[in-house]
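The values are calculated or read from the model by the stated rules, or taken from the named source; none is laboratory data. Keep in mind the model is a prediction, meaning the values are calculated, not measured. Reconstructed Cβ throughout: ideal geometry from the backbone, glycine too, with neighbour counts over all protein chains shown. Each accessible area value is taken on the protein alone, full model and side chains, heavy atoms only, with ligands, DNA and RNA left out. Shrake-Rupley method; radii C 1.70, N 1.55, O 1.52, S 1.80 Å.
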Amino acid sequence: VPHTVPHTSSYTFLTLLTYIHLITYIPFHHTSLHTAMSITSFLKTSLTNFQSFLSFEPSSSPAFLTPSSPGRSGFLGLLLGSLLTFHLLLPLLLPSLLKWCLYVVSLLTFHVLEYVITALYNGRVLTSTSFLVDHSEAYTVAAVASCTEYWFRSFLFGPLPLLPLNYFGISLVVLGQSLRTLSLITCGDNFNHVIQVEGSNVNKRQRLVREGVYGVLRHPSYTGWFYWSVGTQCILGNPICIVAYTYVSWKFFKERIPFEEKTLEGRFKEYKEYKEKSWVGIPFIR
């Protein structure tokens with residue numbers, strides 16, 4: 001997830017979802033294609049501007065100049081904490097928004113824990129980017145698409161009660177988040193949100209972690225995130241995004257894991273043996 005997906009993938013995903021939403025929910029007529037293209041163009045511009053906002057760019061204040069500046073972490077912590085508290089309390093006033101609040105709480109909990117666990121176990125690399133709220137346009141697109149589909153369906157069909165799919169999503173989110181958090185704790189200062197390659201700022205003390213959850217899964221942080229991301233869409237009951245999230249997340253890890261493992265094989269001679277005795281845990285990825 002932390003590795004940036006190419007911008008073209010973001011725009012393709014965004015355009016595809018725009019067309020699918022229009023075709024699925026709006027009777028097709030001669031202006032639909034033009035409308036879709038206009039919406040896509042507007043969303044591209046909005047995405048770029050929003051991504052700059054998340055990255056605090058441009059900023060002239062000393063407290064916000066770099067990811068290591070205290071202002072960035074303080075602001076994001078306050079923002080995420082306030083939103084988390086609000087959505088924990090909102091269902092008490094509006095029970096019909098329970099599914100939405102469960103989704104938002106899951107999303108915010110993920111980002112807060114990424115920062116907190118990094119602070120506790122690998123403080124030397126801690127910056128505002130450890131919240132992972134601005135790591136790629138593709139991630140922002142996926143989140144916006146998810147919210148759009150949910151509210152679009154809610155507007156057309158009204159709120160629906162909790163269904164077995166939603167309960168299944170809650171289970172996936174709990175499982176995925178637990179795996180992700182446990183993997184970060186187990187790794188400690190061996191974990192980094194960016195793949196470490198020779199010639200970059202590599203942690204020279206890094207070792208191959210094989211204890212705990214890593215004794216069974218080679219990439220529990222990726223496995224956890226995969227099931228967590230799909231689970232969030234099951235909570236919302238988004239049929240389009242369930243399929244899209246599953247495919248895009250799977251394809252991403254299908255490409256990322258072999259690249260990372262090739263790097264690890266070059267750094268740790270025992271990695272091939274470890275690889276044979278462990279598994280990934282994501283379907284159809286060995």
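Here are some notes:
- LEU76 being closer than 30 Å to LEU162 by Cβ and among the hydrophobic types (A, V, I, L, M, F, W, C): no
- Screening the range 238-258 for residues that are outside any loop (DSSP other than H, G, I, E, B) and open to solvent by less than 20 Å² (accessible area, probe 1.4 Å) and picking the one that is nearest to LYS99 (Cα to Cα) gives CYS241.
- In the range 197-209, the qualifying residues are those that are open to solvent by 30 Å² or more (accessible area, probe 1.4 Å) and at pLDDT below 65, and the one that is farthest from THR263 (Cα to Cα) is ASN201.
- When residues in the range 55-75 are screened for being in contact with a Ser or Thr (Cβ under 6 Å, 6 or more places away or on another chain) and part of a helix (DSSP H, G or I), 3 of them pass.
- Subset tally (residues that are open to solvent by less than 30 Å² (accessible area, probe 1.4 Å), part of a helix (DSSP H, G or I), of a type outside the set (Ser, Thr, Tyr) and more than 23 Å from GLY237 (Cα to Cα)) for the range 119-156: 2
- Under the condition of being touching a residue at least 24 places away in the same chain (Cβ under 8 Å), within 23 Å of PRO159 (Cβ to Cβ) and of a type in the set (Ser, Thr, Tyr), the residues counted in the range 59-98 number 1.
- Verdict on GLY281 being surrounded by fewer than 22 Cβ atoms within 10 Å (Cβ to Cβ) and not in a helix (DSSP H, G or I): yes
- Any chance CYS187 is open to solvent by less than 30 Å² (accessible area, probe 1.4 Å) and either farther than 24 Å from THR232 by Cα or assigned to a loop (DSSP other than H, G, I, E, B) (or both): yes
- Qualifying residue in the range 76-88 (condition: open to solvent by less than 70 Å² (accessible area, probe 1.4 Å) and of a type in the set (Phe, Trp, Tyr)): no
- Every residue from the range 157-184 that is open to solvent by 30 Å² or more (accessible area, probe 1.4 Å) and not aliphatic (A, V, I, L, M): PHE157, PRO159, PRO161, PRO164, TYR167, PHE168, SER171, SER178
- Single residue of the range 259-272 satisfying the filter (outside any loop (DSSP other than H, G, I, E, B) and farther than 16 Å from LEU217 by Cβ) that is least open to solvent (accessible area, probe 1.4 Å): THR263
- ILE39 vs. criteria in contact with a Ser or Thr (Cβ under 7 Å, 6 or more places away or on another chain), of a type in the set (A, V, I, L, M), part of a helix (DSSP H, G or I) and at pLDDT 90 or above: no
- Residue pairs meeting the criteria (Cβ under 9 Å; at least 6 apart or on separate chains; first farther than 21 Å from TRP225 by Cα, in the range 261-282; second small (Gly, Ala, Ser)): LYS277/GLY215
Results for (1) under 21 Å from SER171 (Cβ atoms); (2) not hydrophobic (A, V, I, L, M, F, W, C), shown as yes or no for each residue.
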residue	(1), (2)
GLY231	yes, yes
LEU236	yes, no
TRP250	yes, no
LYS254	no, yes
GLU276	no, yes
PRO283	yes, yes
